[in-house]
1. Scan region 128-159 residue by residue and report those that are in a loop (DSSP other than H, G, I, E, B) and without any contact (Cβ under 8 Å) to a residue 60 or more places away in the chain.
2. What do you reckon, is C282 buried (at least 17 other Cβ atoms within 10 Å of the Cβ) and more than 20 Å from H186 (Cα to Cα)?
3. What are the residues in region 220-279 that are of a type in the set (A, V, I, L, M, F, W, C) and in a loop (DSSP other than H, G, I, E, B), if any?
4. Restricting the search to region 253-276, which residues are crowded, with 20+ Cβ neighbours inside 10 Å and closer than 25 Å to R375 by Cβ?
5. Take region 3-32 and flag every residue that is at pLDDT 85 or above and surrounded by 13 or more Cβ atoms within 10 Å (Cβ to Cβ).
6. State whether the residues of region 396-414 include one that is at pLDDT 80 or above and hydroxyl-bearing (S, T, Y).
7. Yes or no: region 390-408 includes at least one residue that is surrounded by 13 or more Cβ atoms within 10 Å (Cβ to Cβ), more than 21 Å from G353 (Cα to Cα) and in contact (Cβ under 8 Å) with a residue 60 or more places away in the chain.
8. Give me the residue from region 214-252 that is under 21 Å from the mean Cα position of the chain (by Cα) and among the hydroxyl-bearing types (S, T, Y) and, out of that set, surrounded by the most Cβ atoms within 10 Å (Cβ to Cβ).
Amino acid sequence: MAARLGISPAYVNLLESNQRSLSVQVLVSITEAYGVDWRELLSSTEERQIPELRAAMRDTVFLGEAPDLQELRAAAAHAPHFVERFLQLYRSHSTMTDRLNRLSDGGEAAGILAITPETAIHDFFRDHSNHFDGLEQVAEALRTRIGGTSDDIYASLKRHLRIEHGIDAEVIRISEMPDTLRIFDHRQRKVQLSEALDHPNRVFQLAHVLGMLACGTMIDGLVESSAIADEDGRARLGVELLNYFAGALLMPYSEFHSLAELTRYDINRLRAAFGVSFEQVCHRLTTLQREGQRGVPFFFLRVDRAGNVTKRFNATPFVLAEQGGSCPVWDIHGAFRTPGVITPQFVELPDGGQYFTICRTTDRPAFSRGTQDRRLVVALGCERTHSERLCYADPYNMADRGIFVPIGINCHICPRQACAQRAHQPLNMRLRIDANRRGSTRYES
């Protein structure tokens with residue numbers, strides 16, 4: 001082909017891999033040599049998409065260096081349907097921005113559409129697969145140095161803080177620390193813990209403080225690398241990374257991973273072995289992503305009675321982990337009816353994705369009679385292919401399709417029809433209404 005066109009083989013290779021555009025001379029040579037209509041070689045879709053892509057890439061919503069023309073041409077040539085979907089999404093974004101600007105007289109659309117600090121923090125953890133090996137190594141080394149067992153870790157941590165850092169820890173009455181669980185005073189070298197905290201959470205708070213002293217510089221570096229501009233968001237990320245360290249200190253990676261595999265992820269066995277809470281074990285299970293020692297890839301959600309997601313961690317790419325939590329059919333909400341009982345469930349999303357989840361209530365610290373029973377529910381989930389590794393899935397017959405409960409992300413975008421729990425008309429479809437027939441809900445007949 002190169003000989004017939006009068007060009008080098010290397011140049012043909014560049015054309016085939018979209019590294020060069022067809023020049024007029026080469027286009028004419030191809031027409032003459034192979035007898036094809038030159039118009040068949042030029043994609044009208046591609047020629048339309050390229051200028052639109054270049055214009056979109058100049059939008060300030062995209063951070064960093066824009067793709068060059070060569071990359072854009074490759075995308076348009078090799079993935080035209082994907083590019084068209086992207087452009088549709090960008091047009092929708094531009095339309096929404098324009099409408100918000102009109103409603104707010106041109107000033108607030110950027111702030112409304114900006115990524116929230118919570119989302120930025122979640123994305124940061126997800127982009128690191130919810131695993132930070134530097135913090136793990138420091139935590140393991142410190143735990144070895146502190147010594148002791150889970151039975152005496154509280155006293156061991158207090159002793160370590162006092163001897164190594166000159167910091168005393170004491171438990172303070174609720175009347176002296178109303179609505180506060182922990183205060184760390186750097187200048188007075190003192191940690192004050194509320195008596196409202198149970199034993200596992202007192203230990204966790206001391207481990208959190210130790211993280212400030214042992215990993216402050218490392219955590220500052222991680223926060224800096226996050227590119228989160230919001231000061232409150234950066235501070236919140238620092239707190240979450242310290243919580244990660246505390247979990248790694250109390251549940252050292254290798255020992256925790258080995259016992260998790262041995263017990264087939266029996267959370268109560270893990271709680272008993274490490275002297276921690278149910279929620280702390282579930283959170284720790286999402287971090288088992290060390291190369292060569294990977295655990296089951298879990299996602300973690302925590303919701304309140306109103307369905308608000310108050311904590312979310314994800315070592316998976318699953319949609320349920322990213323956006324789920326508000327479907328009332330999922331037993332994450334039903335768990336409130338059976339406090340303290342682990343509820344297993346196989347669920348299926350409208351796109352066919354199938355997951356195994358376990359849900360259980362977790363109690364919050366009670367400051368008074370008025371603050372009792374402020375329960376949340378923790379959900380831990382994985383893809384169904386990993387369920388055979390979990391003891392909680394043993395009672396189920398995986399060949400029975402009936403074990404999968406159909407759920408959605410939320411009612412606004414759920415396409416499931418005749419769902420008795422539907423609370424909203426879906427935004428992306430119309431449900432048929434017939435005055436002569438009453439369906440499962442008032443949204444469809």
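The values are calculated or read from the model by the stated rules, or taken from the named source; none is laboratory data. Keep in mind the model is a prediction, meaning the values are calculated, not measured. Here Cβ is always computed from backbone atoms with ideal geometry, including for glycine, and neighbour counts include all displayed protein chains.
1. Those that are in a loop (DSSP other than H, G, I, E, B) and without any contact (Cβ under 8 Å) to a residue 60 or more places away in the chain: H128, G147, G148, T149, D152.
2. The answer is yes for C282.
3. Of everything in region 220-279, those that are of a type in the set (A, V, I, L, M, F, W, C) and in a loop (DSSP other than H, G, I, E, B) turn out to be A227, I228, A229, M251, V276.
4. Y265, I267, L270, F274, V276
5. L5, I7, Y11, V12
6. Checked against the condition, which is being at pLDDT 80 or above and hydroxyl-bearing (S, T, Y), region 396-414 yields at least one hit.
7. Scanning region 390-408, I find at least one residue that is surrounded by 13 or more Cβ atoms within 10 Å (Cβ to Cβ), more than 21 Å from G353 (Cα to Cα) and in contact (Cβ under 8 Å) with a residue 60 or more places away in the chain, so the answer is yes.
8. Result: Y244.
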